[in-house]
Each structure stands twice: as C-alpha cells, then as structure tokens.
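I have placed the structure first, in the form of structure tokens, so that the comments after it can refer back to it.
The values are calculated or read from the model by the stated rules, or taken from the named source; none is laboratory data. Quick caveat: nothing in here was measured; it's all calculated off a predicted structure. FYI the Cβ positions are ideal-geometry reconstructions off the backbone, even for glycines, and counts take in every protein chain you see.
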Amino acid sequence: MDSSSPEPVITPGLPRVAIVGRPNVGKSAIFNRLVGRPISIVHDQPGVTRDRIAFECRNKGRHAYELTDTGGIGATLDDGFAVQVRTEADIAIGTADVILFVVDGRDGMTPIDQDLAKVLRKGRREVILVANKIDTPRSDPHAAEFSALGFDDIIATSAAHGRNFELLENRLEKALAPFGGPVGEEKRGTAIEELAATPLQIAIVGRPNVGKSSLVNAILNDERTIVSDVAGTTRDAVDIPYTRDGKNYTLIDTAGLRRRQLMDTSVEVFSAMRTERSIRRADVCLLLIDATSGVVAGDRRIARTILDANKPCIILLNKFDLYHPEARYSDRIEDFKTEMGDELFFLPYAPRVAVSAKERQHLGKIFKSIESVRESAQTPIPTGVLNRLLRESIERNPPPMKGGKRLKLLYGTQKREDRPQVIPVPEYMLFVNHANLLTRTYERFLENQIREKYPMEGLPFVFTVKSRKQQPGRTAR
C-alpha cells in the first residue's frame with residue numbers, strides 16, 4: 001500500500017486487537033507488517049512508541065479489525081515516561097478483544113515477560129503469544145521456552161522478514177470468529193455510507209511544546225496523548241477518531257518540527273518525516289503558534305511546509321489566556337495583530353483563531369472555522385466569472401513586459417479533480433501566450449484580485465499555467 005495515500009476510515013464497531021509487550025521486541029514492526037504500510041516508527045531505541053496508534057486492517061477475505069500499537073510495558077525510560085507508557089498500554093488492553101503478546105525470541109524470557117503474562121492470564125481476553133525475531137526454522141526451538149508463560153500456543157515470527165505472518169493472520173482469524181463473519185466490500189461500503197460524513201483529516205502541527213497534545217486532550221476531554229513540558233514528547237503521528245455535532249473527524253497529533261540541524265536523534269528525524277507526511281495526507285492543517293512568544297522562524301518554516309503542500313490551513317494562537325488576560329478578547333486579538341505586524345504574512349489565506357488548550361477556551365471556534373473552510377471549498381468560481389475577473393484585473397493593471405513581450409490570458413478554467421477530496425483545493429488552469437511571462441509577483445496580484453470577490457478563507461490557491469505553444473508549463477501558488 002502506498003504510504004502517501006489517504007488513511008482508511010476505522011469502521012465503527014470493529015473488534016479490537018492490541019499489540020503489547022516490553023520495549024524493543026518488535027511490536028511496531030509487527031503492527032506495520034499487519035497493516036501493510038509503515039505507520040508506527042520502527043527503531044532499535046527502547047521506548048520509541050509512547051501513544052496508542054490505531055489502524056484498520058483489511059485483509060482480503062478476512063475479518064476487518066482495529067489494530068492498536070502501544071508503548072513498551074515495563075520501560076525504564078530516561079525521561080520519566082514509564083508510568084504514562086504503562087497507562088497507555090493498560091488502556092489498550094482494557095479495550096481490546098484480542099491481544100497479541102509479543103516477546104523477543106532472541107533475548108529469551110525475561111521477568112517483565114513473566115509479570116505481564118500473569119496480568120494477561122487473569123483477564124478474559126484471548127491472548128496470542130508471538131515470539132518475534134525468529135528469522136529461520138533453525139531458531140524455532142528458541143520459542144519453546146516461552147511455553148512456561150502459560151498460553152495455549154506460540155507463533156514464531158520474524159517481522160523483519162515477514163516469516164509466518166500468514167500463520168499469525170490465520171490464528172487471528174480464528175480468534176476473531178466469535179465477533180461475526182468476514183467484513184466484505186459490500187458490507188463495508190454500507191457501513192461507510194452510514195457515517196454522517198467522510199471523516200475530515202485534521203493535522204495539528206507546530207513547533208515543539210506549543211501545546212499540540214494539550215489541544216487534542218482538551219478537544220477530546222480525555223488524557224489520550226501524553227502531555228508534558230518536555231519538548232518532543234509526541235514522536236508518532238497519532239490518528240484519533242472524533243465526532244462533534246454529528247460530523248466525523250480524525251485528529252492527527254504530530255511531533256513538533258524543528259530544523260533538521262537541531263534534531264539530535266534519528267528518531268526525531270523520523271518523527272519529523274512522519275509529521276511532514278501527515279501534513280501531505282491531511283484535509284486541513286491547524287498550525288499552532290504560542291501567543292506568549294509570538295511568531296518565530298520555526299513557525300514560518302512549518303508554514304512553508306503547509307504552503308508547499310497546498311493544504312487548507314487555520315492558524316491557532318494557543319495560550320491566549322496568558323496574553324494580556326485583563327483585556328477584552330476582541331481587543332487582545334487586535335493588539336496581537338498589531339504587535340505581530342507583518343509576522344503573520346505567511347499563509348495569508350489562513351484565518352486566525354485564538355484559543356487556550358490548557359483552559360479549554362474557545363475550542364468551538366476551531367470547528368466553526370473548519371466547517372467554514374469546508375463550506376467555502378464546495379463553491380468553486382464559475383468559469384465565466386473567473387475569466388471576467390482575470391481580464392478586468394489585467395486591464396486595470398497590465399502585467400510587466402518581459403523580453404519585449406507581455407503576458408496575454410487566453411482562457412481560465414477550474415482544473416478537474418483526479419480524486420474527490422473532502423476539502424477540494426481550488427486549482428485553476430490558465431492558458432496564456434507564454435507561461436514564462438507570468439511572474440510570481442503578478443500571480444499574487446491575480447490571486448488577491450480574485451480573493452477580493454471570493455475570499456476562500458483557509459484555502460490555498462493554485463494556478464497551473466500552460467503556454468499556447470507547446471512549451472512546458474509550470475504550477476504556481
């Protein structure tokens with residue numbers, strides 16, 4: 001499966017399978033192998049996965065189920081998260097219908113494995129014991145010692161090489177049988193149709209420690225993601241289903257983005273890559289800015305990433321409860337704009353919403369703005385109106401001469417979508433005499449003229465320019 005393709009919706013009511021085990025036994029590698037794409041970060045540093053990460057597995061002819069990866073149980077992490085990681089795993093275990101208990105076939109049985117086995121045996125969930133890192137049949141006897149943990153059977157696997165995963169999936173199929181027959185395409189299609197709307201993918205992005213996970217928790221009213229004042233707590237991009245006012249969303253909590261030169265571990269680099277991928281697959285991005293520190297270079301770099309991806313965006317001014325708290329809300333907004341001045345020039349199309357994740361203030365304004373962006377995207381500019389707007393703008397302010405020639409607009413039209421989008425980004429094809437005569441400055445002028453009549457707040461604006469002659473065109477924002 002293409003890792004850049006949109007994430008599947010998790011169908012409501014699916015049985016849940018949780019992967020648990022001590023750190024660095026290969027849980028995330030098994031998760032990725034079962035879902036068929038790299039979702040969880042795989043790294044040999046213990047404790048990389050800290051939050052619950054859920055995904056719907058859709059194997060051909062098999063049961064559909066929700067698979068959850070968890071943080072390592074029993075981790076002794078150097079940054080004080082062991083208790084919260086255990087809490088995350090406990091939540092997954094408490095809500096799972098089937099548990100994949102993963103152990104390390106190379107290292108052999110450990111006291112943590114034995115302690116966890118005791119907890120799992122007391123529960124009423126079916127447990128499948130998976131001895132991972134058994135790369136060849138010659139190593140199969142290494143899995144035998146785990147029979148002392150007291151489970152019916154052991155499956156020796158190698159997530160790195162895909163060994164015995166068909167056997168594991170068959171065993172999962174048997175464990176899931178009590179939850180109903182296989183979910184076929186017809187049944188799944190019906191289930192998706194019953195959703196109020198296609199879930200909107202919302203990526204929450206920003207610098208480290210601006211309050212992204214706090215915002216998610218405030219929205220959910222749930223301590224679902226780990227919140228700390230240690231920068232860089234969230235390492236995986238976590239997809240969280242959320243319903244509000246009858247509308248379905250997926251909140252994507254991402255790692256904070258810093259300059260690559262400032263990233264001190266390979267895990268942080270991988271997390272940044274995952275965040276950038278989350279921006280690309282999102283329907284809309286929420287860019288968090290710390291109102292107490294104002295706009296800094298890091299904010300502008302992230303804004304450029306969003307702009308380059310042509311993504312709808314809303315700028316959230318977080319921690320606004322600490323910004324001149326004695327003044328009225330409307331006055332504080334104006335003061336902030338005045339103080340920032342041109343610092344907010346990036347993402348000119350993005351509306352600003354001031355919130356406080358900690359105090360849970362004005363969170364409703366976020367979704368009101370999201371729905372406004374969604375509604376705006378459903379009404380493209382008619383072709384005739386677009387052409388009139390462009391021609392009138394060009395007549396009032398002709399484009400500059402370039403090489404003794406001047407740009408001439410032949411025709412403008414909305415570009416057809418290759419794939420339907422929840423929030424379609426306006427993309428207009430401009431046919432001109434020579435594409436290289438259209439400068440970036442003049443593109444911005446044309447965009448501003450159009451936005452005066454059709455603001456399209458929150459939406460980027462894309463021109464694809466093609467020459468009358470068979471010269472290569474180019475895409476402009």
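Just checking, which of A327, A377, A357 is out of contact with any Lys or Arg (no Cβ under 6 Å at 6 or more places or on another chain), free of Cβ contacts under 8 Å to residues at least 24 places away in the same chain and of a type in the set (A, V, I, L, M, F, W, C)? Walk me through it before giving the result.
On the way: A377 fails: free of Cβ contacts under 8 Å to residues at least 24 places away in the same chain; A357 fails: free of Cβ contacts under 8 Å to residues at least 24 places away in the same chain.
None of the others qualify; the one that does is A327.
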Can you find even one residue in region 102-109 that is assigned by TED's automatic domain parsing to the domain that holds F55, modelled with pLDDT under 85 and within 33 Å of the chain's Cα centre (by Cα)?
no
If you go through region 192-211 one residue at a time, do you hit one that is at pLDDT below 90, part of a helix (DSSP H, G or I) and surrounded by fewer than 21 Cβ atoms within 10 Å (Cβ to Cβ)?
yes
Complete set of residues in region 408-455 that are more than 24 Å from I202 (Cα to Cα), modelled with pLDDT under 90 and of a type in the set (S, T, N, Q)
T413, Q414, N433
Just for region 368-400: of the residues that are out of contact with any Pro (no Cβ under 9 Å at 6 or more places or on another chain) and among the polar types (S, T, N, Q), which one is surrounded by the fewest Cβ atoms within 10 Å (Cβ to Cβ)?
T379
